[in-house]
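First comes the structure, then the notes that go with it.
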Amino acid sequence: EILAGVMCPSATVLNADTITALTDAITKSFDSNPFVKDVTRTLLCDPSDYDDSTDELDIQLQIGSDCYTHVHPDHLNVYDFSGWVSVHNGGAYNIQKWAEGFDGHEGWYLMYPYVGVSERNVPQHPMSRWYNNGNGDNIVYVARLGDSLPYRDLIDGLKTDAVANYFGALAPGSAQGLIICGSHGEVANDPSLLEGFDLHSDEQSTTGSDEMDNQKHVVWTEVNLKSNDQLRQRVAWALSQILTLVPGNINGAERTEMYTYYYDILVRHAFGNYRDILGEVSFSPLMAEHLSYLKSKSHSYVFSNSNMVSRADENYAREVMQLFSIGLVKLNKDGTIQVYDSGVPLQAYTNEDVESFARAWTGFDRTAARGNIEQ
């Protein structure tokens with residue numbers, strides 16, 4: 001944490017080499033955040049290098065006119081607690097009050113660990129509670145206090161007209177309507193057909209969450225039991241075991257249409273070209289969310305916007321080769337493994353290949369959705 005223009009009240013006593021190493025890492029950092037600076041320094045050390053002059057974690061270091069204090073890695077991080085508010089065992093108020101302020105607390109931040117107030121029945125917040133819940137699906141990291149974040153880089157849950165208006169941004173589509181393409185082969189609804197499924201909506205729910213979660217399975221089962229193209233359906237099922245999605249990695253358990261749309265890619269290309277399947281699957285927002293290249297940013301983009309050094313997400317760049325196409329090792333035409341003279345298998349790709357391909361899987365985001373389709 002940075003206290004600009006402040007002399008450290010109790011600068012930590014460290015040996016000269018440690019002070020030099022820390023000062024060098026801080027002053028050479030490209031991080032421009034005015035409140036907190038993330039620095040990483042990798043050193044090759046042996047036990048004799050250990051600086052036993054202090055065991056403190058909250059080290060204070062004076063650099064010029066500024067005081068730097070070593071803090072927890074999540075200190076001054078900004079999170080969206082909207083999901084946690086809806087599932088918190090103590091009720092929404094006991095989360096919202098930290099943002100709104102209560103009993104002298106000015107609001108906007110949470111304190112961990114927090115001792116609590118026994119007479120008001122406010123429980124203690126130990127660090128274990130943050131470690132267990134702070135990185136879950138219901139608490140989503142946004143940025144750090146003091147970071148400058150383009151509206152387009154916000155998480156989807158915060159891309160609202162209210163947020164856009166508050167910060168003077170223009171929400172995409174807020175000025176006029178959008179023309180969005182429909183699904184492949186999409187036809188108009190036929191009200192004479194009795195069967196249908198409910199849609200996930202921001203308005204009042206009419207169907208229980210368990211039933212909403214089960215709808216996609218019911219649709220798949222009914223199609224596979226009653227379709228006349230049984231061979232196509234079986235090939236699509238086989239492909240789905242290769243080009244897999246894990247619902248637990250996708251924020252959409254109660255949604256149906258986006259899963260059926262993805263599965264239709266496999267049905268449509270069951271007798272076609274695998275390259276076409278891989279292309280459509282790679283452009284699927286579900287696959288992008290599942291294998292984490294959704295909103296992946298290049299080093300150039302991150303550096304130009306926040307002066308931070310970063311790498312593009314390498315997850316899909318690796319998995320598209322390892323799981324979806326060429327595999328880990330090279331094969332002969334008869335399917336046997338190619339090996340060096342020493343008997344070691346030949347790698348199909350290297351880590352340099354992964355790093356290079358990861359650059360191609362940046363800049364992907366969800367397109368705006370029609371008003372009559374689940375997002």
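The values are calculated or read from the model by the stated rules, or taken from the named source; none is laboratory data. Treat the numbers as computed from the prediction; the structure is a model and nothing was measured. Virtual Cβ from ideal backbone geometry, glycine too; neighbours counted across all protein chains shown. These accessible areas exclude ligands, DNA and RNA; they are computed on the full protein's heavy atoms, side chains included. Shrake-Rupley method; radii C 1.70, N 1.55, O 1.52, S 1.80 Å.
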request  = Could you please tell me which pairs satisfy a Cβ distance under 8 Å, a separation of 6+ or placement on different chains, a first residue in region 320-333 that is closer than 17 Å to PHE357 by Cβ, and a second residue that is hydrophobic (A, V, I, L, M, F, W, C) and assigned to a helix (DSSP H, G or I)?
outcome  = VAL320/LEU278; VAL320/PHE357; MET321/VAL354; MET321/PHE357; PHE324/LEU278; PHE324/VAL281; SER325/LEU278; GLY327/MET321
Residue that is modelled with the lowest pLDDT [pool: residues in region 49-75 that are aliphatic (A, V, I, L, M) and either over 16 Å from ALA25 (Cβ atoms) or part of a loop (DSSP other than H, G, I, E, B) (or both)] = LEU57
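Yes/no per residue for (1) out of contact with any Gly (no Cβ under 8 Å at 6 or more places or on another chain); (2) modelled with pLDDT under 90; (3) open to solvent by 70 Å² or more (accessible area, probe 1.4 Å); (4) outside any loop (DSSP other than H, G, I, E, B):
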{"site": "GLY185", "(1), (2), (3), (4)": "yes, yes, yes, no"}
{"site": "ASN214", "(1), (2), (3), (4)": "yes, yes, yes, yes"}
{"site": "VAL219", "(1), (2), (3), (4)": "yes, yes, no, yes"}
{"site": "LEU225", "(1), (2), (3), (4)": "yes, no, yes, yes"}
{"site": "ASN228", "(1), (2), (3), (4)": "yes, no, yes, no"}
{"site": "ALA238", "(1), (2), (3), (4)": "yes, no, no, yes"}
{"site": "GLU254", "(1), (2), (3), (4)": "yes, yes, no, no"}
key: Lone unmet requirement of (1) modelled with pLDDT of 85 or more; (2) within 29 Å of ASN305 (Cβ to Cβ) for THR42   = (1)
LEU266 being under 17 Å from the mean Cα position of the chain (by Cα) and crowded, with 18+ Cβ neighbours inside 10 Å = no
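For (1) among the aliphatic types (A, V, I, L, M); (2) part of a loop (DSSP other than H, G, I, E, B); (3) closer than 19 Å to VAL246 by Cβ, each residue gets a yes or a no:
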site	(1), (2), (3)
TYR262	no, no, yes
GLY272	no, yes, no
ARG275	no, no, no
PHE303	no, no, no
VAL309	yes, yes, no
ALA317	yes, no, yes
GLY335	no, yes, no
note = Cβ pairs under 7 Å, 6+ apart or interchain, first in region 209-225 and closer than 15 Å to PRO247 by Cβ, second of a type in the set (Val, Ile, Thr) and open to solvent by less than 60 Å² (accessible area, probe 1.4 Å), ordered by first then second residue, are GLN215/THR256; LYS216/THR256; LYS216/THR260; VAL219/THR256; VAL219/THR260
task = Run VAL281 past the list (1) open to solvent by less than 60 Å² (accessible area, probe 1.4 Å); (2) of a type outside the set (D, E, K, R); (3) closer than 25 Å to ASN135 by Cα and report the number of the one that doesn't hold.
result = (3)
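Take region 137-151 and flag every residue that is charged (D, E, K, R) and open to solvent by 40 Å² or more (accessible area, probe 1.4 Å). Before you say what the answer is, go through the steps one by one.
Within region 137-151, the first condition is being charged (D, E, K, R), and the residues that meet it are 137, 144, 147.
ASP137, ASP147 - these are the residues of region 137-151 that are charged (D, E, K, R) and open to solvent by 40 Å² or more (accessible area, probe 1.4 Å).
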ask   = What residue, of PHE303, PHE324, PHE364, is surrounded by 14 or more Cβ atoms within 10 Å (Cβ to Cβ), over 18 Å from the mean Cα position of the chain (by Cα) and closer than 22 Å to TYR259 by Cα?
value = PHE324
